[in-house]
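The values are calculated or read from the model by the stated rules, or taken from the named source; none is laboratory data. Since the structure is predicted, the reported quantities are computational estimates derived from the model, not experimental observations. Backbone-built Cβ (ideal geometry, glycine too); neighbour counts: all protein chains shown.
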Amino acid sequence: MKLESLTTATALWALTLGATAAFAQTGTPGRTTFICSPDSAGVPTTYAQTTRGPVPVIKWVSEHFSDSGYPPQTRCQIVTGRFNVLYRAGRLNYLNAGVQHSQPVICALSQRGDQCTLLYTLKPGQNPNVVLERLQAVRQGAAGPLLESSDDTDTPNDGTIDFNEYLNTAPIEQIAPAPSAAPSPPTSPE
């Protein structure tokens, strides 16, 4: 009798674990989730998994933060985690430029005019408003996905991007097959 209960409990645990893993991979149908995956050229990319298909948001190519322990793959994993947390909390409706700790940053906002919630830090000297303009050009089909390493020093038009509109209109891109095992995403106070 105890063996049968143990077998049933083990089977239920395995079923729950499998369902949890499947949910983590695919997300809720009709709901956007974000993943860090290599593109077809092997570049770590933050993708939004939408009902239309995968939308590339940021391609992580800069080695600028590598000496600080944040190479492109690590930054991709950290920032993709932030995208998921903020999106699920309803705090990623808009993107805006900001400055935190004297560094240029890209921020998430619940609504226009809200306080900046850090998505990611840019290289010193990068103009966050130009980064946002380039993201807007992606949505309008005038450019490819945002390259995180771009030399964004031009003078921009200041603006806030409606991120949900971006997800609904930006071009989709096929994701490269995932490697067999991925390391756990690191955490960072950045």
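See the values below:
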read-out: Boolean, residue 134 is in contact with a helix residue (DSSP H, G or I) (Cβ under 6 Å, 6 or more places away or on another chain) and modelled with pLDDT under 90; value: no
read-out: Unique residue being touching a helix residue (DSSP H, G or I) at 6+ places or on another chain (Cβ under 9 Å), closer than 23 Å to residue 111 by Cβ and hydrophobic (A, V, I, L, M, F, W, C) when the list is 79, 85, 61, 55; value: 55
read-out: So residue 111, is it farther than 18 Å from residue 68 by Cβ, of a type in the set (S, T, N, Q), free of Cβ contacts under 8 Å to residues at least 12 places away in the same chain and not in a helix (DSSP H, G or I); value: no
read-out: Residue tally, condition among the aliphatic types (A, V, I, L, M) and in contact (Cβ under 8 Å) with a residue 60 or more places away in the chain, over the stretch 34-87; value: 7
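Residues are listed down the side, and each one gets a yes or a no for (1) among the aromatic types (Phe, Trp, Tyr); (2) modelled with pLDDT under 75; (3) in a loop (DSSP other than H, G, I, E, B); (4) surrounded by 20 or more Cβ atoms within 10 Å (Cβ to Cβ):
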position	(1), (2), (3), (4)
107	no, no, no, yes
115	no, no, yes, no
123	no, no, yes, no
151	no, yes, yes, no
154	no, yes, yes, no
165	no, no, no, no
190	no, yes, yes, no
